[in-house]
Amino acid sequence: MFENVYDKFKLHFYQETFARFQNREASLTTVEAFAMEAIHALGSPTVHEFANFMRISSSNAAYKIGSLIRKGYVEKVQSESDGREYHLRPTQKYLDYYSISSHYIHDVMERIRERFSDEDLAKFGEMLSVMSDELMPEVTVPAAGTNA
């Protein structure tokens, strides 16, 4: 059943993305879209952190990031603590693109809150926490508001 729900989230995103781009060429390739989702989820990683997480070479990561910068989806922001280091930050252009899926997730979560009791919601939250914290050790994502 979880796979069915996951597929529905993906399919809704694809429907909305295709509808928005039917009259013009989408500017992100599939691989670039995946890269941007990772950068966004990692919370402003450095190029090195991004490369390590994606298990690609730093030169390959730099190439992909260069393309994303040219297309206006990501920017490099100099670290306040170490001037030699730059963090990757999604631009508003990407956030507008990303909102296609985040709005739908928000809508579904509102429907869940309306449909289920506080007790059910607490249990659902507990189950999601266990899934994220214990059952998915292969993927470590920083807490919201922190850097990778």
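The values are calculated or read from the model by the stated rules, or taken from the named source; none is laboratory data. Given the structure is predicted, the values throughout are model-derived calculations rather than measurements. Virtual Cβ from ideal backbone geometry, glycine too; neighbours counted across all protein chains shown. Only protein heavy atoms, including side chains, enter the accessible area calculation; ligands, DNA and RNA are left aside. Shrake-Rupley method; radii C 1.70, N 1.55, O 1.52, S 1.80 Å.
Below, the figures for the structure above:
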| quantity | calculated |
| --- | --- |
| Area accessible to solvent at ASP107, 1.4 Å probe radius, in Å² | 70 |
| Estimated FRET transfer efficiency when R0 is 41 angstrom, pair SER57-ASP7 (beta carbons, to 0.05) | 0.80 |
| LYS71-GLU114 pseudo-label distance in nm [points 7 Å out on the Cα-to-Cβ vector] | 3.5 |
| Gyration tensor verdict on the range 52-112 (Cα atoms; rounded if a/c is under 1.5, prolate if a/b is larger than b/c, oblate otherwise) | prolate |
| Share of pairwise Cα separations in the chain, more than 20 Å, in percent | 58 |
| Selected from GLY66, VAL130, LEU88, residue furthest toward positive end of dipole (the chain; charges at beta carbon) | GLY66 |
| Per residue accessible area of the chain, 1.4 Å probe, in Å² | 72 |
| Which of THR30, THR46 is most accessible, then next, and so on - probe 1.4 Å | THR30, THR46 |
| Hydrodynamic radius by Kirkwood, which averages 1/r over all alpha carbon pairs of the range 1-78, in angstrom | 14.1 |
| Solvent-accessible area of ASP7 with every protein chain in place, 1.4 Å probe, in Å² to the nearest 10 | 50 |
| Non-local Lys pairs in the range 62-148, i.e. 8 or more apart or on different chains, that have alpha carbons under 30 Å apart | 4 |
| Which of GLU126, GLU114 is most accessible, then next, and so on - probe 1.4 Å | GLU114, GLU126 |
| Coil-residue trypsin sites (Lys or Arg not before Pro) of the range 66-136, DSSP, other Cβ within 10 Å capped at 14 | ARG84 |
| Size of electric dipole in the chain: Cβ of Lys, Arg +1 and of Asp, Glu -1, about Cα centre, debye, nearest 20 | 780 |
